[in-house]
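Comments concern the structure below.
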There are 2 protein chains.
Amino acid sequence: LPKPVTIPAAWELVRTMDFASGWIAIDWGTTNRRAFAVDAGGQVIARHADHRGITSIPAGEFPAEVASLRDMLGDRPLLMAGMVGSNRGWVEAPYVPCPARLDSLVRGAMRLPDHGAAIVPGVSYAAEDRFDVMRGEEVQLLGAAAEGLIPADCLACHPGTHAKWARLSNGGIETFLTIMTGELFALLKGHSILAPQLGARVSADAAFFSGVDRGSRGNALAAELFGVRARMLLDDFGPEQASPFVSGLLIGQDVRSGLVFARSDEPIAVIGDPQLTALYAAAIGRTGRSCVEVDGEAAFLGGIKAIAEKLQ
Amino acid sequence: LPKPVTIPAAWELVRTMDFASGWIAIDWGTTNRRAFAVDAGGQVIARHADHRGITSIPAGEFPAEVASLRDMLGDRPLLMAGMVGSNRGWVEAPYVPCPARLDSLVRGAMRLPDHGAAIVPGVSYAAEDRFDVMRGEEVQLLGAAAEGLIPADCLACHPGTHAKWARLSNGGIETFLTIMTGELFALLKGHSILAPQLGARVSADAAFFSGVDRGSRGNALAAELFGVRARMLLDDFGPEQASPFVSGLLIGQDVRSGLVFARSDEPIAVIGDPQLTALYAAAIGRTGRSCVEVDGEAAFLGGIKAIAEKLQ
């Protein structure tokens, strides 16, 4: 008979990771990170946010980074999510395929026992003609459902650089679609021929809704974008209108693509940064649907709490 | 009785601009320019091309620039088209509204008598819900029709940074639509999360046609673009496929938007840079339509020749 496999010491360490007296939750993205010290009862007792996203941290310096976070937030076990688990992050965590539940995230967590840390995996979707990935939003989506902030069965939208629309079923992610809305807006604002005109702050005004209407009708983005330049040359269209119009155009297209997954009459859950969720809620409202807005931070903390409880 | 208005000396100079012994035609764009010395018979006898587009020329230095072109190409009158006539160029030439014919371009030409030069106006389109402008392509479109390179009644496509689709009627531009296809590709290639994967040369291969098919179905661009990243992470999609796929996606969307103006069964005229017209012809062919490809340089020279003859 083969001998029983010896469990390496590292795994033993993981098995004894103890979240009972609290943890540090880190939402560690490409360009930003937010870290929260959480006590035994699940309450946030300290927080820290900065722009040290993964691309600003050289390979090999993650241990020093987390040591400095512990200096600020206490010597607690770490639970991290987001791009920190990507192939450009600290350690690559796998993607858990859809349908993905909190249990799947717990099973797929990448443990770093020497650092008293674990990285939550991303979620993937693969079908014959469509592939997708997320990292970080899964904690918010499943956390919001676990906390009862959104229904266990619903369509949830997470706006951002790479906006996500996820169909939740029994509290798990059944399928999702990523739309490069925020990144396209940043590209246009930073580098396009329209850049000098896109500096104005975006709010849900008439120009925004005009963009939403054109985008949600399925008008071709590349044609509508040049129309902005032409209107500024020929029409009475000013820079204060161009920025909300283009934002509305992109969000309108985004909403059109996402609502494909909606069932009749159900309210849409919009989770994330409150300024962005307000714009999306306005655009979704324009289609006649109602929304529930959820603060992404509360959803993230709820998700990490549920994972910490299961990882113990 | 009022005295007859005295024609200013400058206009007298213009009226006597003499193209009978040849001219220098300049297609002067944002980032590039091409200049051609043309003899009395309309034949090109010398040419020059460089990257001294209007954005690289400080205000006030256009006279020195054209003097240096004359040193290379001979002391002939100048006929210029393109962004040189924009509000960022040498002197702003007006837009001629649609329907625009060669005669309209001649009437709207901005004369610079002190410099023995004239700038061809751009063309504008304005309707209640759609505004558009072009500068430079109008010479190629109307020139191709004047030279008999394309039918006087047809749908013509001019691919590029800001691709144009123009409905020609009796040799004039009836309406047109600009699509920011080339600029979006450059933005994605230069600055997006996909940038490292978009270096491969684009040809009309299987990945290109796969992109064309998805783009011409009207799939949302921002969603398809993130799918490229997901396929590279999950699928067997390599960098050599990403670049033609994204190009195909953008061109497919472009063709879908442009063919709205097509009549049943007519062949589409594609005018411009031969490498680009070949890609567009392949994408248009994919929809079951036939194409006529016309070299943009021949079209430009034909248009300038027709304008020079009428300006005399």
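The values are calculated or read from the model by the stated rules, or taken from the named source; none is laboratory data. From a predicted model like this one, the values you see are computed outputs, not experimental measurements. Here the Cβ is made from the backbone with ideal geometry for all residues, glycine too, and neighbour counts use every protein chain on show. These area figures cover heavy atoms from the full protein model, side chains too; ligands, DNA and RNA do not enter into them. Shrake-Rupley method; radii C 1.70, N 1.55, O 1.52, S 1.80 Å.
Structure data summary
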read-out: Of residues in the range B:95-126 being closer than 17 Å to residue B:145 by Cβ and among the aliphatic types (A, V, I, L, M), the one surrounded by the fewest Cβ atoms within 10 Å (Cβ to Cβ); value: B:106
read-out: Condition met for residue A:91 (more than 14 Å from chain B (Cβ to nearest Cβ), in contact (Cβ under 8 Å) with a residue 12 or more places away in the chain and either of a type in the set (Phe, Trp, Tyr) or under 30 Å from residue A:255 (Cβ atoms) (or both)); value: no
read-out: Subset of the range A:27-75 (residues that are in contact with an Asp or Glu (Cβ under 9 Å, 6 or more places away or on another chain) and not in a strand (DSSP E or B)); value: A:32, A:42, A:52, A:57, A:63
read-out: Of all residues making up the range A:266-284, the number that are free of Cβ contacts under 8 Å to residues at least 24 places away in the same chain and in a loop (DSSP other than H, G, I, E, B); value: 0
read-out: Residue tally, condition touching a Phe, Trp or Tyr at 6+ places or on another chain (Cβ under 9 Å) and small (Gly, Ala, Ser), over the range A:263-285; value: 3
read-out: Top-ranked residue in the range B:151-162 [being open to solvent by 10 Å² or more (accessible area, probe 1.4 Å) and more than 14 Å from chain A (Cβ to nearest Cβ); ranked as farthest from residue B:129 (Cα to Cα)]; value: B:151
read-out: Matching residues in the range B:238-257 - criterion: being in contact (Cβ under 8 Å) with a residue 40 or more places away in the chain, more than 9 Å from every other protein chain (Cβ to nearest Cβ) and either touching a strand residue (DSSP E or B) at 6+ places or on another chain (Cβ under 8 Å) or crowded, with 24+ Cβ neighbours inside 10 Å (or both); value: B:243, B:244, B:246, B:247, B:248, B:251, B:252, B:255
read-out: Residue satisfying condition, being among the β-branched types (Val, Ile, Thr) and modelled with pLDDT under 95, within set B:287, B:277; value: B:287
read-out: Matching residues in the range B:285-312 - criterion: being assigned to a helix (DSSP H, G or I), of a type in the set (A, V, I, L, M, F, W, C) and more than 14 Å from the chain's Cα centre (by Cα); value: B:306, B:307, B:308, B:311
read-out: Close pairs from the range B:124-148: first within 14 Å of chain A (Cβ to nearest Cβ) and under 16 Å from residue B:168 (Cβ atoms), partner open to solvent by 10 Å² or more (accessible area, probe 1.4 Å) and of a type outside the set (Asp, Glu), Cβ under 6 Å, at least 6 apart; value: B:125/B:98; B:125/B:175; B:132/B:125; B:137/B:158
read-out: Cβ-Cβ under 8 Å pairs, at least 6 apart or on other chains, the range B:185-209 side on the phi > 0 side of the Ramachandran plot, far side open to solvent by 10 Å² or more (accessible area, probe 1.4 Å) and modelled with pLDDT under 95; value: none
read-out: Matching entry among B:135, B:111, B:101 (being among the charged types (D, E, K, R) and modelled with pLDDT under 95); value: B:111
read-out: Candidate set from the range B:163-217 (those that are of a type in the set (Ser, Thr, Tyr) and touching a helix residue (DSSP H, G or I) at 6+ places or on another chain (Cβ under 9 Å)); member that is surrounded by the most Cβ atoms within 10 Å (Cβ to Cβ); value: B:181
read-out: Output for the range B:224-237, where each listed residue is at the interface with chain A (Cβ under 7 Å from one of its Cβ atoms) and surrounded by fewer than 23 Cβ atoms within 10 Å (Cβ to Cβ); value: B:230, B:231, B:233, B:234, B:235
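Residue-wise test of (1) out of contact with any Ser or Thr (no Cβ under 8 Å at 6 or more places or on another chain); (2) more than 19 Å from residue B:161 (Cβ to Cβ).
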{"residue": "B:255", "(1), (2)": "no, no"}
{"residue": "B:264", "(1), (2)": "yes, yes"}
{"residue": "B:267", "(1), (2)": "no, yes"}
{"residue": "B:276", "(1), (2)": "yes, no"}
{"residue": "B:285", "(1), (2)": "yes, yes"}
{"residue": "B:290", "(1), (2)": "yes, yes"}
{"residue": "B:294", "(1), (2)": "no, no"}
{"residue": "B:297", "(1), (2)": "yes, no"}
